[in-house]
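Structure record follows, encoded as structure tokens.
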Amino acid sequence: MSKHWERDLDNLQRHLMALAACVEEAIFKGTRALGERDASLALEVVEGDAVIDQEENYIENECLKMLALHQPVAIDLRRIISALKINTDLERMADLAVNIAERALSLAELPRIAVPDKLQSMTDLTTSMVRQSLDAFVMLNADQARHIIRLDDEVDRYNREIIAELIGTMQQTPEQVPAFMAFFSAVRQLERIADHATNIAEDVVYLIEGEIIRHLPMTLPLADRA
């Protein structure tokens with residue numbers, strides 16, 4: 001490919017990583033606001049979403065321009081397709097972080113209740129998946145991507161256990177249902193963030209190996225499959 005392609009590709013990578021950093025910060029602030037009932041921090045997440053939306057639009061437009069101008073093939077084509085899909089997943093993660101921040105705003109106006117026992121562990125694992133999926137994309141590491149995909153089962157387990165705990169607590173203390181429902185919703189948002197991190201990991205495998213593994217029962221390399 002030409003120097004113009006390399007220049008455009010470097011620019012795309014910079015903007016994608018800048019978007020990823022903004023999204024990671026939104027998730028961190030949103031989950032922290034939830035745990036600490038910090039309304040001002042939650043508002044930062046809500047108000048910052050417009051910048052993330054603008055960056056998503058810019059990246060999508062750049063990808064479409066590169067497809068039209070350079071007509072890439074093979075791995076270069078897969079790189080642009082992967083960037084488009086990762087861009088969408090990042091924007092959706094940011095929307096989910098906003099949802100978590102909005103739950104934090106709701107909690108700030110309600111009587112204080114205990115944070116679910118395993119919520120912090122679920123939060124730490126989810127944010128780690130987001131970070132690792134982006135690292136796998138930058139480093140073109142398919143093995144790390146597959147590791148992230150397997151971690152999603154653990155997040156799903158946390159989701160089930162925390163939801164079961166919340167339902168049991170709501171049955172015992174119905175007067176606190178609104179506060180517990182805020183946590184209930186936030187846990188669902190976290191689980192969906194992990195799903196998007198998994199999507200990014202699957203896109204990394206596609207980028208490197210040219211194989212679509214989404215919805216397949218196994219995520220082993222082709223050579224290791226029966």
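Read-outs throughout are calculated quantities, based only on the coordinates presented, and are distinct from any laboratory measurement. Predicted, not measured: the structure shown is a model, and the values here were computed from it. We place every Cβ from the backbone using ideal geometry, glycine too, and count neighbours over all the protein chains shown.
Charge tally around residue 32: other residues with Cβ under 14 Å, Lys/Arg +1 each, Asp/Glu -1 each, net -3.
Ranked from highest to lowest mean number of other Cβ atoms within 10 Å per residue, what is the order of the peptides 156-169, 126-139? Mind showing how you got there, number by number?
Details: 156-169: 15.5, 126-139: 20.1.
The peptides rank, most packed first, as 126-139, 156-169.
Applying the Kirkwood pairwise sum to the alpha-carbon positions of the stretch 44-121 produces a hydrodynamic radius of 15.2 angstrom.
Given the chain, what count of lysine pairs have C-alpha atoms under 26 Å apart, with each pair 8 or more places apart or on different chains? Walk me through the numbers before you get to the answer.
Working: 3/65; 3/85; 29/85; 29/118; 65/85.
Lysine pair count for the chain: 5.
Every pair of different Cα atoms in the chain enters the Kirkwood calculation, which places the hydrodynamic radius at 18.6 Å.
The distance between label points at residue 69 and residue 51 comes to 2.6 nm (points 7 Å beyond Cα on the Cα→Cβ vector).
Panel order for 86, 100, by other beta carbons found within 10 Å of each beta carbon, from fewest to most: 86, 100. Each of 29, 65, 85 was scored by other Cβ atoms within 10 Å of its Cβ. Listed from fewest to most, they are 65, 85, 29.
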